[in-house]
Every structure is written in structure tokens, then in C-alpha cells.
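Shown next, in C-alpha cells, is the structure this report addresses.
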Amino acid sequence: TLGQAVARPAFWFFALAAFGMLWNWYAVQVHQTQYLLDIGFDVDRATLALAVVSLCGVFGQINGGWLADRSGREGAWTIGCLGFVACYLCLILMRQAEGEVLLWTMVAAQGLVGYGLTAVFAAAPADMFQGKNYSTIFGMLSVFSSLGGGAGPYFTGLLHDLDGSYDRAFMVAIGWALVSIVAMWLAAPRRARTARGNVG
């Protein structure tokens, strides 16, 4: 039941992982185009980059599911979060060295790697909380991811307005990606999968 789920530390670790994941995802989605315009890219190139991220995301989500099935949920989650870390580092570096290589590396890291988190977000809690009440539990976990999805863009914008640049905001996002990785390993969906395998 939901009550039993929230009594387990794994629930809260996964909630923290989901919060950090959506912070990263939506912070860059909302602010990426404006940032590229601010550092000198033209409108066509900036909007094309966002469109290509979404296109790459189609393949990224398939790849994320494949990785989660083969290397485990934690491993796939780590790789996805590191994709966002690479994305933010590329954006920061673009302030000093605007160029096509960094732009398209950022797009690939975000879409082909970071978007793979979508598959893990559905699979990992199912490992831990499957049963007739899973939909209710997943719905509650989705509340925390949505909070991250709202907080990320807001505080990224706030820090930009306070600092006059996105540098600190992007470093905060990187911090949340690292927190998300640690939280997923502490949630440890691998233990639930191993336990069911042993029972089988």
C-alpha cells in the first residue's frame, strides 16, 4: 500500500532522485534557448538545437531502457544524469568558446544520454513497489518529480537574475544531478530485483 511504501527509506530516496532528475531536465529545457541567444547564437540555431534535443530524445529513451535492462537501473540512471552534467558543462564552456562542437555535444549529451532517464523513472519504482497499488505509489512519486520540474526552471531563472549569468544556476543543476545519482543507488532497486530472482 502507499502507507507501507512511504514507510520505507527507498521511497524517499527515489523521490529525491526523481526531484533532482526533473530539476535538471526542465531547467535546461526552459532556459537553454535564451542562454544560447545571450551568448551570441542566432535565433534559428538556438531553436534548432532545442528541436534536435527532442529528436535525439526518441533514441535516448529507447537506449535508456535497453541500458536499464542490461546494466541495472542504477547504472542507467547514473549514465543519464551524467548526460545532463555533460550538457551543463558544455553550456558553461560555451561562454568562453562559442562553437558548433560544444553546441552539438550539448545537444547529444542531453537528448541521446539524459533523456534515457525516462525509461528508468518508470522501471525502477516498479521493481521496488510492484503490486496492485503500484499506480498510487507511482503517482505519489510523480508529485516529487513534478516539484523538481517546477523548482528547476524557477530557481535557475532566479539565480540568473541575481547573478546576471547562468553559471551558478548551471552548477546548482550539476549538483542536483549528482544528488540524484547517489539517491538512486541508496534507493537500490537492484535489491528488489535480486530478491525476486532468488524467490523464483
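There is no residue in segment 56-67 that is of a type in the set (A, V, I, L, M), open to solvent by less than 30 Å² (accessible area, probe 1.4 Å) and under 16 Å from the mean Cα position of the chain (by Cα).
The sole residue among Met94, Met128 that is at pLDDT below 90 and surrounded by 16 or more Cβ atoms within 10 Å (Cβ to Cβ) is Met128.
The values are calculated or read from the model by the stated rules, or taken from the named source; none is laboratory data. Remember, predicted model here, so these are calculated numbers, not experimental data. In this analysis, Cβ positions are derived from the backbone assuming ideal geometry, glycine residues included, and neighbour counts consider all displayed protein chains. SASA here: full protein model, heavy atoms, side chains in, ligands and nucleic acids out. Shrake-Rupley method; radii C 1.70, N 1.55, O 1.52, S 1.80 Å.
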